[in-house]
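The values are calculated or read from the model by the stated rules, or taken from the named source; none is laboratory data. Please read all numbers here as calculations on a predicted model, not as lab measurements. Quick reminder, even Gly has a Cβ in these numbers, built from the backbone with ideal geometry, and neighbours come from all protein chains shown.
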Amino acid sequence: MDVSGADSCLAAPLLGESIVGEGEQVDLEDRHGPVIPVAVDSAFPKAWDGRLAYVVSQVGSPPVLTSGALAVSASALSGSRAWMWAGTYVFLAILTPLFYLVCLVRRGTVTDLDVQLRQQRKRPLLFTIGCGGLAWLTLMLGKAPVPMVILAGALWLQMAIIFGITLRWKISVHTAAAASVGTLIWSLVGSPLPMMIGVPLIAWSRVRLGRHTLAQTIAGALLGAIILLAALFLVYGR
């Protein structure tokens, strides 16, 4: 397959037609280079619990959870200004990195939107960290509501730490985001249910789909909760 001219994000994936079983990883050899490790998402698991895990994993993905947390924050704070800042953060820190990731997948640089291979996470994470930092700075300079600034800062620090860990080990971004969001909602509305139910459910889905080990999901959840709790303590002293 000749991909020499595939410079845009609209180029077809190099290995887009590869199909493997749920959670499997295989090595495919590019005709013009060495063996390339590939991990391809199953379109939809056949077993009922696999299907449930797939749905939970998609609904509980970091972009969806973060957007939901910002919506809860904006609703709790009330006012059009809060919703404006929520939209600003979503555009800068969520939609822009997501578009970049889609481009990487289309070009074949990354094999799937889940970025299952740890070796492929460096570029998406660096770009996400840059966008998250820009969003955080924008919210701070614009004097956005404090809970939103806290969430933006905590998520930026979280991604920076995850990037460092990813250089040596694979940690769950899903459970890290879930724990951060759950902690923030707990502080805003006083309900621990997102932490008690949502985080374990998302962790189960990641393990069931073969995306992470139990240890990786626990590490992610601890990281997300600790960072958000520390941010809340620094700002509110509680």
With the structure loaded, tell me whether TRP186 is farther than 13 Å from SER57 by Cβ and aromatic (Phe, Trp, Tyr) or whether it fails that test. yes
Mind counting the residues in the range 111-149 that are among the polar types (S, T, N, Q), part of a helix (DSSP H, G or I) and out of contact with any helix residue (DSSP H, G or I) (no Cβ under 7 Å at 6 or more places or on another chain)? 2
Single residue of ALA221, ALA231 found to be at pLDDT below 90, under 20 Å from THR128 (Cβ atoms) and either over 16 Å from the mean Cα position of the chain (by Cα) or in a helix (DSSP H, G or I) (or both): ALA231
Within the range 181-218, track down each residue that is β-branched (Val, Ile, Thr), surrounded by fewer than 22 Cβ atoms within 10 Å (Cβ to Cβ), modelled with pLDDT of 90 or more and part of a helix (DSSP H, G or I). ILE197, VAL207, ILE218
When residues of the range 37-66 are filtered for being surrounded by fewer than 19 Cβ atoms within 10 Å (Cβ to Cβ) and either at pLDDT 90 or above or part of a helix (DSSP H, G or I) (or both), how many remain? 10
Do we find a residue being over 15 Å from the mean Cα position of the chain (by Cα), under 19 Å from THR217 (Cα atoms), not in a helix (DSSP H, G or I) and not aliphatic (A, V, I, L, M) anywhere in the range 157-177? yes
Which of the residues that make up the range 214-230 are over 14 Å from TRP186 (Cα atoms) and either touching a Leu at 6+ places or on another chain (Cβ under 8 Å) or charged (D, E, K, R) (or both)? ILE227
Among the residues of the range 187-238, count how many are in contact with a helix residue (DSSP H, G or I) (Cβ under 6 Å, 6 or more places away or on another chain) and without any contact (Cβ under 8 Å) to a residue 24 or more places away in the chain. 4
Which numbered condition ASP114 misses (of (1) over 13 Å from the mean Cα position of the chain (by Cα); (2) at pLDDT below 90; (3) under 22 Å from GLY182 (Cα atoms)): (1)
